[in-house]
1. Mind listing just one residue for me: the one in region 65-78 that is part of a loop (DSSP other than H, G, I, E, B) and touching a residue at least 12 places away in the same chain (Cβ under 8 Å) and, of those, surrounded by the most Cβ atoms within 10 Å (Cβ to Cβ)?
2. Please find, within region 1-51, the residue that is surrounded by the most Cβ atoms within 10 Å (Cβ to Cβ) out of those that are among the basic types (Lys, Arg) and in a helix (DSSP H, G or I).
3. Of (1) more than 27 Å from Glu5 (Cα to Cα); (2) part of a helix (DSSP H, G or I); (3) not basic (Lys, Arg), Trp101 satisfies all except one. Which?
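FYI, it's all coordinate maths here, none of it is from the lab. On a predicted model such as this, the values are computed, not experimentally measured, just so you know. Methodologically, a virtual Cβ is constructed for each residue, glycine included, from the backbone with ideal geometry; neighbour enumeration extends over all protein chains shown.
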Amino acid sequence: PEEEEQIRRHKLALIHVGNVPRHFIPKVKVFLRNVALPAVVVSQAPVTMKDFAEAGIRTREYEPEVPETKGMVVEVVTGVIRGQTCSQEKLDEIIGKVKYWMERLKDGQARLGSGQG
């Protein structure tokens with residue numbers, strides 16, 4: 001669809017989700033199902049790469065038994081509440097991770113097909 005084409009124009013996805021993992025993990029899965037992009041996921045809830053992999057989402061640290069996405073979660077930042085100003089510490093963490101992956105993508109070091117960044 002048109003949304004997928006728009007997303008494919010970018011190099012990295014920043015996905016900000018909520019506080020209920022059983023709601024947002026499937027949303028991340030839908031987002032990454034047909035778009036081969038690395039993604040930084042920002043959430044309020046404490047989640048790990050393993051939580052995403054158990055749902056069939058490819059991650060930098062874990063390859064699911066049956067991968068169901070073309071895209072991959074490369075970083076997770078937790079403790080950020082949607083609709084509220086976040087701390088400078090969390091902003092710095094998000095910016096640092098986005099810059100890190102943008103540099104790796106620019107230099108051609110990050111490859112989605114290998115299961116590693």
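1. Of region 65-78, the ones part of a loop (DSSP other than H, G, I, E, B) are 65-71, 78.
Restricting the remaining residues to those that are touching a residue at least 12 places away in the same chain (Cβ under 8 Å) gives 68-71, 78.
Numbers: Glu68: 13, Thr69: 25, Lys70: 14, Gly71: 22, Thr78: 15.
Among them, the one singled out is Thr69.
2. Going residue by residue through region 1-51, those that are among the basic types (Lys, Arg) are 8-9, 11, 22, 27, 29, 33, 50.
Pick out the ones that are also in a helix (DSSP H, G or I) and you get 8, 22, 27, 29, 33, 50.
On the way: Arg8: 12, Arg22: 8, Lys27: 12, Lys29: 18, Arg33: 14, Lys50: 12.
Here the residue is Lys29.
3. If we test Trp101 against (1) more than 27 Å from Glu5 (Cα to Cα); (2) part of a helix (DSSP H, G or I); (3) not basic (Lys, Arg), just (1) comes out false.
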